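**Student:** Questions regarding the structure given below will be posed in turn.
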Amino acid sequence: MTHERNVPSIMRNGILPHTSPTLQAFNHVDISDPDVQRWRTRPDPHYGRKLHDYVPLYINPRNPMLYRRKEMQKEICLIEISLEALDGGNLLVTDGNAASYRTQFYIVPAALQYLPWDVLNSNFWTDFEDGKRKACSEVLVPNIVAPKHIAAIHCFSSAQSGRLAQKGIRSVISMDKYFR
């Protein structure tokens, strides 16, 4: 999930972690929640890397973070990543938002059995205990997700898709992935 203005840079340079000095040079538009981001300075329990040194990928993009940014959905693109991006080492998977102290971190591939699939496969999280946290389960990729691993760019509207097309970027309109 990113601001539309970040997509051209992502298509050229990949998805970079929050702490990447290169990211700041690209005039990155940050849509993250500052209150949540302060919790991402802590290290992960397996490799000891700061959470901000990973590229965080939501397993289900239709989640509380997107809902929280509902008023700006027309400016948000959802980036679909190919599974080949997960072939590298030191990946982590979380059973909820990585910034939460209740969230457990798992090493791939054992992680898949611990994910809250009932919440992740649901259209909404409010019917589940701790659903808001669980709906934000993540895959954490160290360093970078290379451009070659971007499978699709999902847009809110044809207008947004048209703006990206003017920059030579192909996208799909996926209104079902957003909130109305």
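**Student:** Only one of these conditions is not met by residue 18: (1) closer than 16 Å to residue 103 by Cβ; (2) surrounded by 18 or more Cβ atoms within 10 Å (Cβ to Cβ). Which number is it?
**Tutor:** (1)
**Student:** Still on this structure: Name every residue in the stretch 1-18 that is part of a strand (DSSP E or B) and either over 12 Å from residue 55 (Cβ atoms) or not aliphatic (A, V, I, L, M) (or both), in order of residue number. Step through it out loud before you land on a result.
**Tutor:** Step one: list which residues in the stretch 1-18 are part of a strand (DSSP E or B), which gives 2-3, 15.
If the condition is that a residue be part of a strand (DSSP E or B) and either over 12 Å from residue 55 (Cβ atoms) or not aliphatic (A, V, I, L, M) (or both), then 2, 3 are the ones that fit.
**Student:** What's the total number of residues in the stretch 78-99 that are aliphatic (A, V, I, L, M), touching a residue at least 12 places away in the same chain (Cβ under 8 Å) and not in a strand (DSSP E or B)?
**Tutor:** Applying the first criterion (aliphatic (A, V, I, L, M)) to the stretch 78-99 yields 78-79, 81, 83, 85-86, 91-93, 98-99.
Imposing the further condition that a residue be touching a residue at least 12 places away in the same chain (Cβ under 8 Å) reduces the set to 78-79, 81, 85-86, 91-93, 98-99.
Okay, now just the ones that are also not in a strand (DSSP E or B), so 85-86, 91, 98-99.
Within the stretch 78-99, residues that are aliphatic (A, V, I, L, M), touching a residue at least 12 places away in the same chain (Cβ under 8 Å) and not in a strand (DSSP E or B) number 5.
**Student:** Take the residues in the stretch 84-100 that are closer than 12 Å to residue 55 by Cα and touching a helix residue (DSSP H, G or I) at 6+ places or on another chain (Cβ under 8 Å), then tell me which one is surrounded by the fewest Cβ atoms within 10 Å (Cβ to Cβ).
**Tutor:** Result: 85.
**Student:** Now for a different question. Looking at 103, 19, can you tell me which residue is of a type in the set (S, T, N, Q) and at pLDDT 95 or above?
**Tutor:** 103
**Student:** Name the single residue, out of those in the stretch 153-163 being out of contact with any Asp or Glu (no Cβ under 7 Å at 6 or more places or on another chain) and closer than 23 Å to residue 60 by Cα, that is surrounded by the most Cβ atoms within 10 Å (Cβ to Cβ).
**Tutor:** The selected residue is 155.
**Student:** Given (1) assigned to a loop (DSSP other than H, G, I, E, B); (2) in contact with a Leu (Cβ under 9 Å, 6 or more places away or on another chain), where does residue 168 come up short, assuming only one miss?
**Tutor:** (2)
Residues checked against (1) among the small types (Gly, Ala, Ser); (2) at pLDDT 95 or above; (3) closer than 17 Å to residue 132 by Cα:
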{"residue": "24", "(1), (2), (3)": "no, no, no"}
{"residue": "37", "(1), (2), (3)": "no, no, yes"}
{"residue": "50", "(1), (2), (3)": "no, no, no"}
{"residue": "58", "(1), (2), (3)": "no, yes, yes"}
{"residue": "84", "(1), (2), (3)": "no, no, no"}
{"residue": "108", "(1), (2), (3)": "no, no, no"}
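**Student:** Still on this structure, I have one more. Any idea how many residues of the stretch 19-56 are in contact (Cβ under 8 Å) with a residue 24 or more places away in the chain, in a helix (DSSP H, G or I) and hydrophobic (A, V, I, L, M, F, W, C)?
**Tutor:** The qualifying residues number 3.
The values are calculated or read from the model by the stated rules, or taken from the named source; none is laboratory data. No experiment lies behind these values; they were computed from the predicted model shown. In this analysis, Cβ positions are derived from the backbone assuming ideal geometry, glycine residues included, and neighbour counts consider all displayed protein chains.
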